[in-house]
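K.L.:
Right, I'll just put the structure down here and ask away after.
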Amino acid sequence: MEGSGAYGGGKAGAPFDPIVFIQRPQVILRALCLLFAIIVFGCISSKGYVTESGKETCLYNRDANACNYGVGIGVLAFLGSFCFLAGEYLFEQMSSVKTRKHYVLLDLGFSGLWAFLYFIGFCYLTNAWNKSETPPNGAGVNNVQGAIAFSFFSIFTWAGCAWSAFQRFKQGTDAAFAPTYEADPTGEQGYTSYPDAADVTYQEPPFAQQQRSLGDFQAPAY
């Protein structure tokens, strides 16, 4: 099934307009997800560890799993955001309605999952940091707190992406079941055999005169 404008996209094959592209809400949200992901895993990777006795220790209550979790979801969020930005660019070129549907469902599932994972990460990192001792000279404090803050912001950006994908899916579903005709505003139904046909009123059956002629016929006498 080939369609145009399905699932909130433009007509397939339309010329690419970079200004319109960067102004689309999906692109703006995805760019924010990409930026926040870089900040989260960058902050933890650069200043989230302190060297003690020749060994790196995570500043989040010496819990290596906390640092690994923050870096892990940040890196995967970065890769996912980059792929979905490319997908947004290619979305207008998808002439198949089925392909657009699969993309929207993938976007919905991935974005919803990452919003949930960032929520877990925010709670996990916040709890671990509250139990942590202040590092000497406050080294890395701004970074670990920044990772917590942008994990919190990422919850809303990914949730926004999931909501946008849901609206796209709903729009595509509604369009699939929309009627292909317009109802008569007068509520009357009628058909004409050909345009501008004149109304013809029959005063009597078309064969009434023939029937009367047959009734007046008298058999010949021999």
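Values quoted throughout were computed directly from the atomic coordinates according to the rules given, and no laboratory measurement underlies them. Every value quoted in this text rests on a predicted model; they were computed, and no experiment measured them. Reconstructed Cβ throughout: ideal geometry from the backbone, glycine too, with neighbour counts over all protein chains shown.
K.L.:
Where does region 17-173 land on Rg(C-alpha)/(2.2 N^0.38 Å)? Can you show the working numbers first?
P.N.:
Numbers: Rg = 18.0 Å, N = 157, 2.2 N^0.38 = 15.0 Å.
That ratio works out to 1.20.
K.L.:
Cα to Cα, under 25 Å, and not fewer than 8 places away if on the same chain: which lysines meet these conditions relative to K55?
P.N.:
The qualifying lysines are K47, K131.
K.L.:
Taking other Cβ within 10 Å of each residue's Cβ, how do K47, K55 sort, fewest first?
P.N.:
Working: K47 18, K55 8.
Lowest to highest Cβ neighbour count: K55, K47.
K.L.:
Report the gain in length on full extension from D17 to L79: 0.36 nm times residue separation, minus Cα-Cα distance, nm rounded to one decimal. Intermediate values should be presented prior to the final figure.
P.N.:
Values: separation 62, 0.36 × 62 = 22.32 nm, distance 2.46 nm.
Going from the current span to full extension adds 19.9 nm.
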